[in-house]
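To start, the structure under review is shown below, and the notes come after it.
The values are calculated or read from the model by the stated rules, or taken from the named source; none is laboratory data. Keep in mind that this is a model prediction, so the values were computed, not measured. Methodologically, a virtual Cβ is constructed for each residue, glycine included, from the backbone with ideal geometry; neighbour enumeration extends over all protein chains shown.
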Amino acid sequence: MITGPVRRCAAELAAAEELPAFVYDLAALRDHAADIREALTSPGAPEIFYAAKANPDAPILETLAPYVDGIEVASGGELEHVRRVLPNARLAFGGPGKTDSELELALNLGVERIHVESPRELTRLAALADGRPVEVLLRVNLAGDRSGVALAMSGPFGMDPVLVDACHDILAAAPHMRLRGIHAHLASGLDAPAMLRQSTEILDWARPWLDKAGVTAPEFNLGGGMAVDYADPTSRFDWPHYGRQVAALALPGETLRIEPGRAVSVYAGWYVTEVLDLKRAHGEWYAVLRGGTMHIRTPVTKQHNQPFTVLSRAENGPEVSGEPVTLVGQLCTPKDVFARQVPVDRIAEGDLIAFAMAGAYAWNISHHDFLMHPKPTFRYLD
Ligand SMILES: *Cc1c(COP(=O)(O)O)cnc(C)c1O
């Protein structure tokens, strides 16, 4: 599963003593993004807004730009960053707890759609806009059954169907605010059939609500959350199936939109490091790796084994064959675990370890400064 260019880059970085490193395979990202685009081209298919929070690195955004319709940002920081990297990109701005200065920034930096999370936020935005036209979607949070999903976005996200009704009067009193549609990001970790069921649920609720609000040519942002399977790095969300079916859900005059993050960029990133020490403790084998989960917090937050490939390198280092090994980092905490009791054919001190699926929610969600180890190297392969 590891590609030649990533393997070669890993060897070069090891020779130059530049590990650990994040290596991004931009060619693979381009191919994957092209596949997703291709699956969503029929009439009625949703527009794609990449969720920057999954990985906002400039080379990632620049690589994705030709294959997506826009970028979804979730803070003033992301908004300024993405505007700088992609000055002409269409932007949607969502996220809870937007401050006045962030809303002002959105008004000044040409955000196309603001996803409003509460009646108070709508009121503040209307006042800040002060007559300037603003196009908004209202974010709703529907109560449906989300059992089995990786993450249900219940709680403070958006408005429930009772609260959202309070927006009617606020909009009526602020004619410069144009309601364009409904936004709903309800869960993450959904496979294509589950995503389609959820999309239907959103449309069934939102259509009559928008109709009552007098919205013509309505827009429906159906959210992100397309499933990624860390236990099988070769599997992919079924974009062709999803694309065909979701396009058929759109009625004439409607615009659908999605905002996937993880399922777009996760496969393009690798965290490459090396085995510093190999030892047995209380009957279990441990490989201590350079770096740690302060660089890639993903396995700790998701409580999974980060998939990896061992790249054999050492000539004479101590080794283990055919036994389960726990891969840990350099942090002084038992939580610094990349993968637990994974059977390996052979692993030796000095070997390189390439962790796959490190392209999303990896470096950018990690507590980099804990223990003050050196920062990783970053490589972007074209
Ligand atoms: C995080 C987030 C996304 C992206 O979710 P993925 O699971 O990365 O696809 C999209 N929309 C909103 C509102 C989000 O908070």
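Annotations
- Here R257, R236 are screened, and the one residue that is assigned to a loop (DSSP other than H, G, I, E, B) and within 16 Å of the ligand (Cβ to nearest atom) is R236.
- The residues in the range 161-185 that are in a loop (DSSP other than H, G, I, E, B) and within 16 Å of the ligand (Cβ to nearest atom) can be counted, and the count is 2.
- Any hit, the range 107-114, residues being in contact (Cβ under 8 Å) with a residue 12 or more places away in the chain, under 22 Å from R37 (Cα atoms) and within 14 Å of the ligand (Cβ to nearest atom): yes
- Flag: L327 does not match the condition of being surrounded by fewer than 20 Cβ atoms within 10 Å (Cβ to Cβ) and among the aliphatic types (A, V, I, L, M).
- The C-beta contact set for the range 259-280 (first residue over 18 Å from I296 (Cβ atoms) and of a type in the set (F, W, Y), second residue within 14 Å of the ligand (Cβ to nearest atom) and assigned to a helix (DSSP H, G or I), distance under 6 angstrom, 6+ apart or interchain) is empty.
- Contact annotation: no residue pair with Cβ atoms under 9 Å, 6 or more positions apart or on different chains, pairs a residue in the range 221-244 that is under 20 Å from W270 (Cα atoms) and without any contact (Cβ under 8 Å) to a residue 24 or more places away in the chain with a partner that is basic (K, R) and within 10 Å of the ligand (Cβ to nearest atom).
- Pairs with Cβ under 6 Å, 6+ apart, first in the range 178-204 and under 21 Å from A248 (Cα atoms) and of a type in the set (G, A, S), second modelled with pLDDT of 95 or more and not in a helix (DSSP H, G or I): G181/L137; G181/P218; G181/E219; G181/F220; A184/V140; A184/G223; A192/D238; S199/L222
- Hits in the range 141-151 (condition: more than 12 Å from the ligand (Cβ to nearest atom) and buried (at least 17 other Cβ atoms within 10 Å of the Cβ)): L142, R146
- Failed condition for P66, given (1) in a helix (DSSP H, G or I); (2) closer than 24 Å to E117 by Cα: (2)
- Complete set of residues in the range 111-140 that are assigned to a strand (DSSP E or B) and surrounded by fewer than 19 Cβ atoms within 10 Å (Cβ to Cβ): E135
- Of all the numbered requirements in (1) within 16 Å of the ligand (Cβ to nearest atom); (2) closer than 22 Å to G225 by Cβ, A34 misses one, and that requirement is (1).
- Count of the range 97-106 residues which are within 23 Å of D69 (Cα to Cα) and in contact with an Asp or Glu (Cβ under 9 Å, 6 or more places away or on another chain): 2
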